[in-house]
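Read the figures in this text as sums done on the coordinates, not as results from a lab. A quick note: this is a predicted structure, and the numbers were derived from the prediction, not measured. No Cβ is skipped: glycine too gets one built from the backbone with ideal geometry, and neighbour counts run over all protein chains shown.
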Amino acid sequence: MDFHGDSVSLKHEIDHNPKPEDAKRIKVYVSILMSEYPIRDCRPVLAFSLPAKEFRDSFTSYRWEQLNCLEDDERLNVSLVDFARVELSRLVTYVMFFSVNYSPDCALSIHITFKSGRSRPPLMAGKYISLEETTMKTMNEEYIHLLVDESVMFKLFSRI
């Protein structure tokens, strides 16, 4: 899907022998790659973790509210963030329910890379959100799961 030169890619890793604190969890790392900077400068701007059971119990309506903060980033198109949500749900659903390599005791890591052709604003100290900070925030907040339009879910599962 074309977003005026912007794109998003997702890849995943399954750890079959995770550390005890990573077992049965989904960890997501989000990076923004600007066209004028080398790939080595692409650091995560957001990292969070959630219990795999939380997604599995509500996968048809899970909205990835953790990505909401990306909607205000002037480097990203809001449509691209929405597209990433759908693709993230599709990928995690596929891995958890259809992959023979995944088991409930594994740790699943997802890496989302937004590629943006927009010019990069200067980075400010404290811009990056650590996995620990976000994990604590996630554990301390209740997320309201919004119902997904059935046509969106049909498109989501027709790709699997």
*Provide the gained length on full extension for the span Ser58 to Asp22, in nm with one decimal, where the gain is 0.36 nm per separating residue minus the Cα-Cα distance.*
10.9 nm
*So what J values fall out for segment 86-96 if you push phi through Karplus, 6.51 cos²θ - 1.76 cosθ + 1.60 with θ = phi - 60°, rounded to Hz, Gly and Pro as x?*
5, 5, 5, 4, 4, 5, 5, 4, 4, 5, 6
*Roughly how many nanometres apart are two label points built 7 Å out from the Cα toward the Cβ at Leu10 and Glu65?*
2.0
_Can you tell me the length gained on complete extension of the stretch Arg43 to Asp72, counting 0.36 nm per residue apart and subtracting the Cα distance?_
8.6 nm
